[in-house]
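In what follows, a structure is listed as structure tokens, so that the remarks can point back to it.
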Amino acid sequence: MDWVNIAFWIFAATAALSAGAVISVRNPVHAVLFLILTFFSVACTWLLVGAEFLGVALVLVYVGAVMVLFLFVVMMLDIDVARLREGWVKFLPIGLVVAVAMLAQMLVLIGIKAKTGSPLPDNAASQAAEVSNTSWLAHTLFTEFLLPFEFAAVILTVAVIAAVMLTLRKRTGVKTQNPSEQSRVKAADRVRLVKMAAEKPAMPAEQSTEAAP
């Protein structure tokens with residue numbers, strides 16, 4: 001029985017199910033938790049095929065940093081945050097499910113290493129090229145898979161712009177700005193120079209009587 005293939009299909013199924021939950025659940029906090037599980041499951045699949053750099057980078061960069069940005073976006077949206085904060089215990093079941101699933105995946109990785117009696121298999125292509133895994137990945141990404149890489153960059157850029165546009169929609173009771181009107185403004189519309197004749201200020205009546213002999 002090939003334990004590596006079995007674990008791969010388990011991780012892939014978990015990633016697919018959690019990714020579907022991200023776009024199907026209505027609660028934004030639940031969506032963030034399922035997205036964390038998706039990232040972690042994909043990282044486990046990369047570790048199985050020997051792409052250790054991708055797996056570690058996904059956990060450190062996406063789960064650690066990008067998820068913080070997603071939480072900022074959730075806070076910027078027009079969501080009743082007070083209602084979300086009330087009764088935080090209701091988010092505990094989903095959090096426990098995600099935590100248990102991540103713990104099970106880590107135990108599966110450790111169990112595969114114990115059963116095979118050797119570290120996780122390295123990438124055969126990088127071994128054939130006699131280079132490190134990171135060098136082979138960078139060379140392959142920017143040569144053979146450059147077009148999908150650029151498509152992914154465009155999709156992420158569109159997602160960022162869409163998130164910003166969601167925060168700029170007009171809402172009652174909130175002051176907003178119009179960037180197009182601000183960019184079309186001219187200096188003459190903002191500043192007006194007025195020429196006024198200099199006049200000697202009049203002295204008060206008390207001072208004028210005291211100054212007289």
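All of the numbers you see were taken from the coordinates with simple rules; none came from a lab. Model, not experiment: these values are computed from the prediction. Note that each Cβ is placed from the backbone with ideal geometry, even for glycine, and that neighbours are counted across all protein chains shown.
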Ranked packing of 190-198, 50-58, 35-43, 146-154, most packed first, by mean Cβ within 10 Å: 35-43, 50-58, 146-154, 190-198
Inter-site label distance for Val194 and Glu181 at 7 Å from Cα along Cβ, in nm: 2.4
